[in-house]
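Chemist: For reference, the structure I am asking about is given below.
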Amino acid sequence: MGHAAAGTIRRLALIGNFLPRQCGLATFTTDVFNAMRDRFPDVAVDVYAMDDKPGAHAYPPEVTCAIPEQDLSAYVDAARAIEANGADAIWLQHEYGIYGGVAGDHILQLLDRTTAPLIVTLHTILEQPNPDQRRVMEGLLRRAARVVVMAERGREILTRIYGANPRQLVLIPHGVPDRALVEPDTMKGRFGWAGRQVVLTFGLLSPGKGIETVIEGLPAVVAEHPDLLYVVLGATHPHLLAREGEAYRDRLKALAVERGVGDHVAFVDEFVLYDRLIDYLQAADVYCTPYKNAQQITSGTLSYAVGMGKAVVSTPYVHATEILADDHGVLVPFGDVDGFSRAIAGLLSDPAARRALEQRVYARGRTMIWSRLAEAMLAATGDGIAARPRRLAPRPAPQPPLSPDLAAVERMSDSTGMLQHSIYSVPDRRHGYCIDDNARALMLMNALPNVDEVTRDKWTTIYASFIQYAWNPDVRRYRNFMRFDRSWCEEVGSEDSNGRALWALAVTARDARDAKHRDWAVMMFDATASLALELQSLRAQAFAMLGAAAMLEARPGHELALLLLRALPDTHLALLAEARRPEWQWFEIVLAYDNARLPHALIAAGRALGRQDLVDCGLSTLAWICDKQTSPEGRFRAVGTESFGRPYAEPLKYDQQPLEAQATVEACVEAFRASRDPKWLREAERAYRWFLGANDLDLPLASRDDGGCFDGLMPTGLNRNQGAESILALQLASCAISGLGQLPSSVAGPVTAAA
């Protein structure tokens, strides 16, 4: 093939419809699968079939995974499977109607969670897309290494309308079977058509096929050729059948009777598979595609007819104008009844001219056979793989830790509190505020060194006021989400947000610079912390335990804090005993977010109560989760969101979020305080370096100039938004690390495991 990378391809992930689902795209995807298998038997092809009716299709063993088209979680699962199976590339068949979501945008969720190069074959290219269709197409173009079109016009539309890079576009014609050119009369007896002149149209029956145009013109053709038979081959499109049954077919039959040609039109209600379809085509004298859609870029039925060397009469839609150019067929204007009559009658009246046309068409078809398509696709895939960026320089040297910086926090805050989300670095007011972020921000104001007291007082008061206003005394719970207009979205926030609010109050009671803030925090904690006794969420309990431990440091002997610490940890020990296996030393059978907070809370509770069993359990489970958060290269790898909810499963790579690195840093600092074992300092440093670029993508998430932090590591790069949670995670982690400066080991020095 002349493409070195193609020779290294061992596995492809093929996404599209698949037989026995009844549609043209299912036929195409099945055909390309068979073509790849026949031409390149050493290349494994995993089929991911889009499923419009889950459970209704009996997919063959070749289908690795069926994806219910409206189930977003199934797309995520498929992405996991593609990653786990080690596909060298993904080959996507794209048609708007087969993927779920707005304009089929669920498929973008799958692609965003995979790392293999993407090759897209476009079956529809809209010249006038709506905003959502444009968004999806532009998302595909950004993700794709190569984009395959089947007509030159498709390449032109992509560059003119969507701004596609011409270098990523590849023209590969629709594939066709490799069959001999035969005399139609030798095949007609199989279908009872002996002695008839046969005109054929095939494909799923629907109004867009324009069959009325041919039927309207048949009386004039029959007048010249009384033995004419027009065969309409194909089942009614399943979606049309579900809406109106066979009403459209019945209307066509009635039209044929009305025009006096009922005996000259045969409807074959059958979804025809490969070999029998070719037999039908070979038995036809003339093939018609009277389609109404001028923008149709691809027609599999037309391609098959050309592959069989048929004389074609067609409307001038995009694919027909290209494949039938240079006297390889007859084009008739859309809806031109007389034009179809003249063209069909002319071909039937001049067998010699028709046979010459068939020879020309058949020769063109030999350039499109499936084996040629398979070769071209593997070459394009190899080019796409070769075009992936390669590492041009060694991994960056370890960076010194960042000094805590309030700038990005202030950028995201106003007189109400800290806003949740941003678009890039600009706050997005549509999503308002939440107590989770304002509780974290309050803890940060207590931890930041070198902030002038006026600034510290201003923001401490604002974040404290948010928490105070969030308290709902009627139900004795904190609210969480607030709209930008300061109205609450709920009366009761999540358990986790309630636990985190209590933690922030206790840290303020312990660490606030001003007595007024410490006194306020003690009052709020005393008034609200009993809610922790009713929390069921493990993480919410852990946050409350961390708060109770902090309150005991602020107020030794604090009765409510002692009550919480005596009540909650044993629940965690019991859950650990229940979930644990030899290879699974964790509190739950799944991993989730903020994992390190669970051992962190046990260590803190054990230190506060003088219970070494809690400390030991916290240290051992923290060591286990740190091991799970380690890449093969020894770097910190945050447990990504794609890993959540998978029983007893190893974590997946993405999406990695800053919250996990912060939680690990702070838990490891707590572990060092409890054990004095320097390994915990190394673990804290390793997790912190994740922010600075010691991660799977060698990309820093921290912005050194203004204290910002990107929202996470995705398979395709950074999530470049800078939300409150991410910014606060970086700044709180920086505060924790900066507090280690007086200890023997610091992040400024080398750490072998993370280098």
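The values are calculated or read from the model by the stated rules, or taken from the named source; none is laboratory data. Note that the structure is a prediction, hence the values are computed from the model and not measured. Ideal geometry is used to build each Cβ from the backbone, glycine not excepted, and the neighbour counts take in all protein chains shown. Heads up: the accessible areas ignore ligands, DNA and RNA and are worked out on the full protein's heavy atoms, side chains in. Shrake-Rupley method; radii C 1.70, N 1.55, O 1.52, S 1.80 Å.
Chemist: Explain nothing, just the number: dipole magnitude of the chain about its Cα centre with +1 on each Lys and Arg Cβ and -1 on each Asp and Glu Cβ, in debye rounded to the nearest 20.
Modeler: Dipole about the Cα centre, nearest 20: 1280 debye.
Chemist: Between the alpha-carbon centers of the range 655-704 and the range 483-525, tell me the distance in whole angstrom.
Modeler: Centre-to-centre distance over Cα atoms comes out at 26 Å.
Chemist: Just tell me which aspartates and glutamates come within less than 14 Å, Cα to Cα, of Lys458; anything on the same chain fewer than 8 places away is out.
Modeler: Glu410, Asp414, Asp514
Chemist: For helix 612-628, report the angle its Cα long axis makes with the longest principal axis of the Cα atoms of the chain; keep it between 0 and 90° and round to the nearest 10°.
Modeler: It is inclined by approximately 30 degrees.
Chemist: Using Cα pairs under 8 angstrom and six or more residues apart, how large is the relative contact order of the range 556-624, in percent? List each step's numbers first, then the result.
Modeler: Details: 57 pairs, mean separation 16.6, N = 69.
So the answer I get is 24 percent.
Chemist: If the viscosity is 1.567 mPa s and the temperature 4 °C, what translational diffusion coefficient in µm²/s does Stokes-Einstein give for the range 464-514 when Rh comes from Kirkwood over Cα pairs? Let's see the in-between values first.
Modeler: Details: Rh = 11.6 Å.
Diffusion coefficient, whole number: 112 µm²/s.
Chemist: I'd like to know how the range 154-313 sits against the 2.2 N^0.38 Å rule of thumb: what's its Cα Rg over that expected value?
Modeler: 1.16
Chemist: I would also like to ask the following. Using a Förster distance of 60 angstrom, determine the FRET efficiency expected from the C-beta separation of Ala56 and Glu410, and round it to 0.05. Walk me through the intermediate numbers first.
Modeler: Working: r = 56 Å, r/R0 = 0.93.
So the FRET efficiency works out to roughly 0.60.
Chemist: In what order, largest first, do Ser738, Ser726 sit by accessible area if the probe radius is 1.4 Å?
Modeler: Numbers: Ser738 60, Ser726 5 Å².
In descending accessible area the options line up as Ser738, Ser726.
Chemist: Given the Cα-Cα distance of Thr571 and His239 and 0.36 nm per residue of separation, how much length would full extension add, in nm?
Modeler: Working: separation 332, 0.36 × 332 = 119.52 nm, distance 5.32 nm.
Working it through step by step, the gained length comes to 114.2 nm.
Chemist: What full-extension length gain, to one decimal in nm, is calculated for Glu224 and Arg135 as 0.36 nm per residue of separation minus the Cα-Cα distance?
Modeler: The span from Glu224 to Arg135 would gain 26.8 nm if fully extended.
Chemist: Continuing with this model, one more query. For the range 692-743, with equal point scatterers placed on the C-alpha atoms only and solvent neglected, what are the log10 I(q)/I(0) values from the Debye formula at q = 0.14, 0.22, 0.26, 0.27 1/Å, to two decimals?
Modeler: Values, matching the q order: -0.38, -0.82, -1.02, -1.07.
Chemist: What Rg and what Dmax come out for the chain when only alpha-carbon atoms are used, in angstroms?
Modeler: Using the Cα atoms of the chain, the pair Rg, Dmax is 33.5, 107 Å.
Chemist: Taking Cα pairs under 8 Å and at least six residues apart, what relative contact order does the range 406-502 come out at, in percent?
Modeler: Relative contact order here is 26 percent.
Chemist: Could you pull out the pairs from Lys628/Lys679; Lys209/Lys310; Lys516/Lys679; Lys53/Lys209; Lys53/Lys292 whose alpha carbons sit more than 27 Å apart here?
Modeler: Lys516/Lys679; Lys53/Lys292
Chemist: State, in angstrom, two size descriptors of the range 437-499 derived from its alpha carbons: Rg to one decimal place and Dmax to the nearest whole number.
Modeler: 13.1, 40
Chemist: A further question follows. What FRET efficiency, computed as 1/(1 + (r/R0)^6) with R0 = 60 Å and r the Cβ-Cβ distance, is obtained for Ser371 and Arg483, rounded to the nearest 0.05?
Modeler: The computed FRET efficiency comes out at 0.50.
Chemist: What share of all Cα pairs of the range 527-652, in percent, falls into each consecutive 10 Å distance bin?
Modeler: In order of increasing distance, the bins hold 13, 43, 30, 13, 1 percent.
Chemist: Continuing with the same structure: Expressed as a whole number of Å, what is the distance separating the alpha-carbon centroids of the range 354-383 and the range 220-234?
Modeler: Each part's Cα centre sits 30 Å from the other's.
Chemist: Going toward the positive end of the dipole of the chain, with +1 on Lys and Arg Cβ and -1 on Asp and Glu Cβ, which of Gly712, Asn472, Gly100 do you reach last?
Modeler: Gly712
Chemist: A further question follows. Remind me, relative contact order of the chain in percent, using alpha carbon pairs under 8 angstrom and six or more residues apart? Write down the numbers at each step before the final one.
Modeler: Working: 1440 pairs, mean separation 75.0, N = 755.
So the answer I get is 10 percent.
Chemist: Now a separate question. Taking R0 as 25 Å, what's the FRET efficiency between Arg646 and Asp613 from their Cβ-Cβ distance, rounded to 0.05? Please list the in-between numbers first.
Modeler: Numbers: r = 30 Å, r/R0 = 1.19.
Calculated value: 0.25.
Chemist: In a Debye calculation with equal point scatterers on the alpha-carbon sites of the range 276-367 and no solvent, what is log10 I(q)/I(0) at q = 0.14, 0.15, 0.21 Å⁻¹?
Modeler: -0.44, -0.51, -1.02
Chemist: Share of Cα-Cα pairs in the range 366-521 beyond 23 Å, in percent?
Modeler: The proportion of pairs with Cα distances above 23 Å equals 53 percent.
Chemist: Once the range 503-542 is represented by equal point scatterers at the alpha-carbon sites, with solvent omitted, what log10 I(q)/I(0) does the Debye formula produce at q = 0.16, 0.21 Å⁻¹?
Modeler: -0.43, -0.64
Chemist: Convex hull over the alpha-carbon atoms of the range 443-600: what's its volume per residue in Å³? Provide the component values of the computation, followed by the final result.
Modeler: Numbers: hull volume 20.8 nm³, N = 158.
Hull volume over Cα atoms, normalised by residue count, gives 132 Å³.
Chemist: So who's got an amide H within less than 5 Å of the one on Thr630, skipping anything under 5 residues away but keeping other chains? H placed 1.01 Å off N, in plane.
Modeler: Arg637
Chemist: Starting with the highest mean, order 281-287, 181-187 by the number of other Cβ atoms within 10 Å, averaged over the residues of each peptide. Kindly include the intermediate steps, with their values, before the conclusion.
Modeler: Details: 281-287: 24.6, 181-187: 15.3.
For the peptides 281-287, 181-187, the packing ranking is 281-287, 181-187.
Chemist: Sorted by mean Cβ packing within 10 Å, highest first, what order do the peptides 649-658, 271-280, 311-320 take?
Modeler: Numbers: 649-658: 20.7, 271-280: 15.9, 311-320: 23.7.
So the peptides 649-658, 271-280, 311-320, ranked by packing, come out 311-320, 649-658, 271-280.
Chemist: Based only on the alpha carbon positions, what is the Kirkwood hydrodynamic radius of the range 12-130, in angstrom? Walk me through the intermediate numbers first.
Modeler: Details: mean 1/r = 0.0695 Å⁻¹.
For the range 12-130, inverting the mean 1/r across all distinct Cα pairs yields 14.4 Å.
Chemist: Classify the range 323-434 from the C-alpha gyration tensor, please: rounded if a/c falls under 1.5, else prolate or oblate depending on whether a/b exceeds b/c.
Modeler: oblate
Chemist: If I stretch the segment between Glu127 and Ile161 completely, what's the gain in nm (0.36 nm per residue apart, minus their alpha carbon distance), one decimal?
Modeler: Length difference between fully extended and current span is 11.6 nm.
Chemist: In nanometres, what is the gap between the two model label sites at Tyr424 and Ser675, each 7 Å from Cα along Cα-to-Cβ?
Modeler: 4.4
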